[in-house]
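Read through the structure below, which is laid out as structure tokens, and then see the notes.
Each value in this text was obtained by applying a stated rule to the coordinates, not by laboratory testing. Remember, it's a predicted structure, so these values are computed and weren't measured experimentally. Reconstructed Cβ throughout: ideal geometry from the backbone, glycine too, with neighbour counts over all protein chains shown.
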Amino acid sequence: MTRLILSLWLGLFPAVLIAESIVLGLSSDQVRITTQFDGSDILIFGAVKREAPIPKNTELDVIITVAGPSEPLTVRRKSRQFGIWVNSEAVEVDAAPSFYAVAASGKLEDVIKDIEDLRYKISVERAIRSVGAPMTIRNAQLFSDAVIRIRQRENLYQQLDNQVAVDQQTLFRTAIRMPANLTEGDYATRIFLARGGTIISQYETTIDVRKVGLERWLFSLSRTQPLLYGLMSLAIAIAAGWGASAAFRWVRIR
Amino acid sequence: MLIYLPVAEVSINAFLLLGLGGLVGILSGMFGVGGGFLMTPLLFFIGIPPVVAVATEANQIVASSFSGVLAHLRRKSVDFKMGTILLTGGLLGAACGVVIFNYLKALGQVDLLIRLCYVAFLGIIGILMFIESVRAVRKSHISGDTTPKKHRQRTWIHSLPIKMRFRTSGLYISAIPPLLIGVVVGILAAIMGVGGGFIMVPAMIYLLGMPTKVVVGTSLFQIIFVTGFTTLLHATTNYSVDIVLAVLLLIGGVIGAQVGTQVSTYLKAEQLRVLLSVIVIVVCVQLALELLIMPAELFSIESVEHVR
């Protein structure tokens with residue numbers, strides 16, 4: 001609740017001050033994971049509403065972030081022991097989003113100051129909450145870097161510099177590609193307006209990522225009725241085994 | 001054609017899965033192995049989360065083994081008495097194996113355990129089998145005799161109590177060794193996410209002295225129950241059985257198993273064993289190299305289990 005109030009406050013208050021706020025559109029506010037799901041392109045577009053003339057001295061920049069549900073992670077590092085590579089050190093990451101994309105109208109580090117990044121947790125590095133490393137481990141930073149590196153390789157974390165198109169300092173749009181291996185949940189979507197490296201306005205919405213139809217039914221059955229689900233899996237396996245055997249025998253007799 | 005797997009939460013080409021299932025199914029039918037020792041690493045490789053791969057593979061093995069065992073039933077090459085004793089041990093072992101698995105999972109060493117088990121067992125069995133089967137093939141070439149030589153030595157196995165007569169296998173031995181083999185195979189099956197046929201088949205041939213023709217059917221019979229039990233354990237504790245993945249793999253698998261059973265009737269038992277031992281050694285070397293060579297990525301991510 002406090003977060004909601006805070007975001008409303010952040011969203012409204014600067015708008016009153018600077019008189020620039022966001023009107024948003026989404027190509028869809030729902031991603032439906034069906035049997036044929038292989039990723040989804042979300043088109044995020046909007047306009048800047050203002051009560052005052054466009055400021056002349058600075059350019060308007062737009063930053064858009066989409067974050068999947070956060071979850072705690074264990075990150076392990078291998079080292080060589082007795083000639084083979086084994087997991088030896090582990091660090092818990094309190095919360096890391098399962099998906100995170102940040103698109104900006106310029107290079108992200110040019111668009112906002114470091115202090116603003118720290119406050120709003122915009123860049124991929126800041127979006128991962130602090131790492132709770134045991135005292136015995138030096139270079140805990142390496143572990144959170146590894147999370148970013150591995151997830152960037154899987155396209156789960158994306159930093160998209162120069163990917164937000166801004167027209168006439170008023171209209172903006174970007175497309176974010178969500179990969180096939182998405183986790184279900186509410187994807188928090190934030191849009192920031194920045195001038196001269198400072199955030200002047202913020203808008204938040206969510207994109208709902210849900211399994212539907214058969215996917216939904218199987219997934220919830222596996223969680224709510226695991227024994228029934230397991231027996232069903234076995235029944236299918238036995239039936240398929242018998243079916244194939246019977247079919248082949250029929251083919252052979254003919 | 002891409003298909004989204006509801007539990008694994010990834011999108012995979014359906015034909016790739018059908019093909020993998022078919023390939024491993026052929027091996028299953030030919031050798032009486034579940035094929036899990038090949039399929040599980042292949043599933044990791046195409047991007048299925050390991051926990052899901054292990055659990056789903058168990059379910060798929062049920063299907064291909066059931067299909068295989070029906071073919072063997074018609075040829076009367078299943079020793080039910082021996083199979084029942086093996087599976088009693090197998091169920092006990094599987095339960096122990098799951099306990100060990102969960103303990104090491106908490107320590108973060110379950111991957112290492114799985115790999116070390118693979119390397120050790122595949123290495124020992126592959127080499128022993130290769131030497132023995134090459135020798136057998138050579139002998140049959142020299143003498144022109146195609147029937148496998150039965151050389152029954154009287155070892156410690158024959159001096160154990162609780163002797164039973166196994167008519168189908170033509171054996172009169174103690175029930176203790178098959179029971180123990182069942183337990184060991186059950187433990188390994190639960191830890192390694194395989195049916196355990198590749199361990200049980202050589203154990204039945206070399207330790208118990210069962211005839212090769214009966215070994216395959218009996219091993220498949222036992223595997224059905226142990227993997228079925230493992231599937232239920234995984235489904236109820238880890239929620240990690242993906243039914244869509246299983247169906248795709250088993251469609252390919254059951255067809256492959258039938259083809260494999262047919263192929264095996266045209267090949268000589270000794271040749272089958274040479275082939276199987278070569279496959280086992282190749283998989284072993286591959287896994288050993290992964291442990292010895294410095295990995296490209298030293299870090300790995302594991303999501304902390306949600307309490308539901």
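Sorting B:231-239, A:198-206, B:291-299, B:178-186 by their mean Cβ neighbour count within 10 Å, with the most densely packed peptide first, gives B:178-186, B:231-239, A:198-206, B:291-299. When only the Cβ of Lys, Arg, Asp and Glu is charged (+1, +1, -1, -1), the dipole of chain B relative to its Cα centre reaches about 1780 debye.
How high is the relative contact order of chain B? Use alpha-carbon pairs under 8 Å, at least six apart in sequence, and give a whole percent. This gives 40 percent for chain B.
Once the Cβ-Cβ distance of residue B:167 and residue B:262 is raised to the sixth power relative to R0 = 30 Å, the FRET efficiency obtained is 0.65.
Where both partners of a DSSP beta bridge lie in the range A:2-211, what percent of those bridges are antiparallel, to the nearest 5? Counting DSSP beta bridges with both partners in the range A:2-211, the antiparallel share is about 85 percent.
Using a cutoff of 8 angstrom between alpha carbon atoms and counting only pairs six or more residues apart, the relative contact order for chain A works out to 27 percent. The calculated 222 nm mean residue ellipticity attributable to helices in chain B amounts to -24000 deg cm²/dmol, summing -39500 (n - 2.57) over DSSP H runs of n ≥ 4 and dividing by all residues.
Near residue A:90, within a Cβ-to-Cβ distance under 13 Å, what is the net charge of the other residues, with Lys and Arg +1 and Asp and Glu -1? Result for the local shell: 0.
The Cβ shell under 9 Å around residue A:193 holds other residues with a net charge of -1, Lys and Arg each +1, Asp and Glu each -1. The Cα center of the range A:137-203 and the Cα center of the range B:11-68 differ in position by 37 Å. Of all complete DSSP H helices in chain B, those with a Cα span along the helix axis of 18 Å or greater and a mean Kyte-Doolittle hydropathy of 0.0 or more are B:14-31, B:50-74, B:80-107, B:110-143, B:176-192, B:212-237, B:243-266, B:269-292. Peptide B:238-251 has a mean shielding of 4, counted as Cβ atoms of other protein chains within 10 Å of each residue's Cβ.
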